[in-house]
Structure formats: C-alpha cells, structure tokens
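Working notes, structure below.
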Protein chains: 2
Amino acid sequence: MKTKRISKKQGNRKSAGKKSLALKQTAIRTSNSRKPALQYLSWSDVQLETMNPLLDRQLIIGQEVMMARVLMKKGCVVPLHSHVNEQLSYILEGALKFWIDGKEIVVRAGEVLTIPPNMPHKAEAMEDTVDLDIFHPPRADWMNKTDAYLRK
Amino acid sequence: MKTKRISKKQGNRKSAGKKSLALKQTAIRTSNSRKPALQYLSWSDVQLETMNPLLDRQLIIGQEVMMARVLMKKGCVVPLHSHVNEQLSYILEGALKFWIDGKEIVVRAGEVLTIPPNMPHKAEAMEDTVDLDIFHPPRADWMNKTDAYLRK
C-alpha cells in the first residue's frame with residue numbers, strides 16, 4: 001500500500017490557530033441497548049436529513065460502525081471540530097478539502113482519508129461532493145441530533 | 001429509515017444445511033500495536049491482491065475499522081463462513097447474492113447489508129461486482145493472509 005505524501009501548506013497555519021470544537025457525547029453507547037441486526041437497505045430508501053442549505057446526509061447504523069452518506073454542495077463548510085470516534089472518509093464524487101494535522105489535503109473522488117480519534121479537522125467542499133463517512137463507534141450526536149455545529 | 005422486507009426463499013434451506021466455516025483469529029488486536037495515524041490514500045495506489053481468478057481486493061486499515069474494496073467477477077463464490085467482526089457491505093457496482101440468516105438477498109449497486117458478528121453468510125457475484133466492505137475490528141486474517149477459504 002502506498003501512502004500519499006502530504007505536504008504542509010502555508011494556508012494551514014491560519015486555521016491551526018482557530019479554536020477547535022471538541023465535541024462531547026459523540027460516543028454514548030446507545031448501541032449497547034440495540035441488538036445487532038441484519039439490515040438490508042437501499043440508500044434510495046434511507047431518510048435524507050437536511051442539516052443546512054448546503055449539507056444533506058443519510059445514516060446506516062450498525063452495532064459498532066456507522067456509515068453516513070454526506071451530500072455537500074460546493075462551498076459547504078464543516079467547522080473545525082474533533083470527536084473520539086475514528087473516521088474514514090471515502091470521497092465518491094467531487095472534492096473535499098480538509099484542514100487537519102497542520103496540513104491542507106484535497107481528497108478527490110476515489111480517495112480516502114483515515115482520521116484518528118480526537119484529531120481536529122475542518123472541511124470545505126471544492127465541488128458538489130458525495131462523501132461516504134465511516135465512524136467507530138457510531139456518532140451519537142448525529143443519531144441524537146445534538147450536532148448543532150452542522151446546523152448553521 | 002426504511003428497512004427492506006427480506007423474503008425467505010426455498011433455495012436457502014439447502015445452503016442452511018451446509019457446514020459453515022467459523023473463522024478463527026479474525027480479530028487479533030494487532031491494531032493495539034499500531035499508533036492511530038492520519039492516512040491519505042487513493043484506491044488507485046492501494047495494492048491489489050489477487051485471491052483467486054475471480055476475486056481481487058484492496059485494503060485500507062484504520063485503528064478499529066478496515067475498509068476493503070472487493071472486486072468480483074461474475075460467478076465468484078465466497079464460501080459459507082462467519083467471523084466475530086461486524087461487517088457492512090455496500091455494493092458500488094454489480095450485484096452480490098447473499099445466503100444469510102435463512103434468506104437469499106441480492107444486494108445491488110446502491111444497496112447495503114449490515115451483518116452482525118458471528119452470522120454465517122455465503123455470497124456469489126451475479127454480475128461483475130465492486131463491493132465495499134467495512135469491518136470492525138479489522139479482519140486480522142485478511143491482514144495476515146491466513147484467509148485460506150478465499151484462496152481457492
């Protein structure tokens with residue numbers, strides 16, 4: 001496996017100085033009360049939740065893993081934040097720029113970013129983008145709709 | 001979220017009687033020795049591993065989650081097996097038929113199957129198929145290449 005070299009960019013230092021929102025209660029083990037279940041779902045049937053005019057999303061929730069299909073219009077900004085949940089972001093369409101770990105990384109269709117727990121990150125859609133996010137454990141704040149940082 | 005009704009089919013009972021391979025050592029916590037790392041990867045750069053003439057795959061390994069891109073030619077069969085790892089299978093292209101939980105389910109492009117830990121399943125590609133598999137924890141047998149059941 002070849003890992004891309006990530007170059008540091010000047011622009012970053014600015015965002016690195018901004019306050020990062022360390023999200024709380026993103027991993028309440030609601031899953032403990034749910035029995036693991038076989039589910040067969042089509043994304044076309046999964047409820048589409050509009051977070052703001054530029055951001056829609058859909059969730060498929062397993063026992064210890066959540067899959068989210070995140071639809072962003074060009075210019076959509078996800079503010080700098082962090083969470084205990086591990087995140088893998090696979091860009092299916094478009095391009096999503098991340099500010100993370102002192103770097104700027106534009107993740108394009110066919111590319112993946114693995115984000116360790118508690119690593120602050122900000123993102124902006126450079127084009128209309130379809131992003132598949134995997135979280136472990138499932139994002140309790142997304143399930144419980146306590147994710148005010150996205151509802152602006 | 002709307003869950004599709006899964007109908008039981010006659011054909012299943014046959015496969016339900018077949019011996020299921022309960023895979024061992026699929027969740028050795030090798031991840032404990034790995035520091036969580038930010039990784040930026042393109043699927044086009046990730047090593048393609050040929051398992052058998054009908055099955056290739058690629059792995060992106062996080063701390064507690066693994067993402068696998070599984071490329072199957074029509075007719076590829078994954079024998080009946082089970083593992084402690086939770087699995088989410090998102091079909092990106094093609095169609096993959098599962099025998100699972102006493103049912104036959106054809107999962108097509110744009111559809112997802114969530115498979116609880118230890119639930120035996122068999123699969124066959126009805127067309128050339130691209131399947132994105134998410135596992136928690138990462139499949140140690142896939143990482144350590146001790147997955148003889150796929151190398152036939």
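The values are calculated or read from the model by the stated rules, or taken from the named source; none is laboratory data. Note that the coordinates shown come from a computational prediction; the quantities given were computed from them, not determined experimentally. Positions of Cβ are generated from backbone atoms using ideal geometry, with glycine treated the same way; all protein chains shown enter the neighbour counts.
For segment B:92-116, a tally of residues being at the interface with another protein chain (Cβ under 9 Å from one of its Cβ atoms), assigned to a strand (DSSP E or B) and more than 24 Å from residue A:69 (Cβ to Cβ) returns 1. Within segment B:86-94, identify whether any single residue is surrounded by fewer than 17 Cβ atoms within 10 Å (Cβ to Cβ) and among the acidic types (Asp, Glu), and answer yes or no. Yes, because at least one residue in segment B:86-94 is surrounded by fewer than 17 Cβ atoms within 10 Å (Cβ to Cβ) and among the acidic types (Asp, Glu).
Inclusion of residue B:150 among residues that are at pLDDT below 95 and under 11 Å from the mean Cα position of the chain (by Cα) is warranted. Among residues that are on the phi < 0 side of the Ramachandran plot, among the aliphatic types (A, V, I, L, M), touching a helix residue (DSSP H, G or I) at 6+ places or on another chain (Cβ under 7 Å) and modelled with pLDDT of 95 or more, residue B:55 is included.
Residues of segment B:120-147 that are more than 12 Å from the chain's Cα centre (by Cα) and within 12 Å of another protein chain (Cβ to nearest Cβ): B:137, B:143.
Let's see how each residue does on (1) closer than 15 Å to residue B:57 by Cα; (2) part of a loop (DSSP other than H, G, I, E, B):
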| residue | (1), (2) |
| --- | --- |
| B:80 | no, no |
| B:84 | no, yes |
| B:118 | no, yes |
| B:122 | no, no |
| B:131 | yes, no |
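Could you grab me the full set of residues in segment A:14-51 that are polar (S, T, N, Q) and at pLDDT 95 or above? Matches in segment A:14-51: A:39, A:42, A:44, A:47, A:50.
Scanning segment B:96-152 for residues that are closer than 27 Å to residue A:47 by Cβ and among the small types (Gly, Ala, Ser) turns up B:109, B:110.
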